[in-house]
1. Residues to consider are Asp5, Asp42, Asp52; find the one that is surrounded by 12 or more Cβ atoms within 10 Å (Cβ to Cβ), out of contact with any His (no Cβ under 6 Å at 6 or more places or on another chain) and not hydrophobic (A, V, I, L, M, F, W, C).
2. In this structure, does Ser47 turn out to be loosely packed, with under 10 Cβ neighbours inside 10 Å, among the polar types (S, T, N, Q) and either over 12 Å from the mean Cα position of the chain (by Cα) or part of a helix (DSSP H, G or I) (or both)?
3. Every residue in the stretch 9-59 that is in contact (Cβ under 8 Å) with a residue 12 or more places away in the chain and not aliphatic (A, V, I, L, M), please.
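Nothing in this text is a laboratory measurement; each read-out follows from the coordinates by a stated rule. Quick caveat: nothing in here was measured; it's all calculated off a predicted structure. Note that each Cβ is placed from the backbone with ideal geometry, even for glycine, and that neighbours are counted across all protein chains shown.
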Amino acid sequence: MAKIDEIKETLNALRVGMSIIVGLIVIITGALINKEQVSNIDIYFYSGLVLDAVLLIVFVKIIKSIKFNILKIKDL
């Protein structure tokens, strides 16, 4: 497999992962908003907040990795 094909496969995998993370963030944030509106603040609310924050950090790392791989393709 050529180097450029390997990088393209990595980019595709990162994009799929990014899509899944965005979907999870949307679902979790919606559930958190709903729990807040009905004043149901419990351990699940706070664990959802932590999970949402972790997913945002992972999202930023994936974006940086995508940018790095795109720059590698430009150099080839």
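1. Asp52
2. No.
3. Matches in the stretch 9-59: Thr10, Arg15, Gly17, Thr29, Lys35, Phe45, Gly48, Asp52, Phe59.
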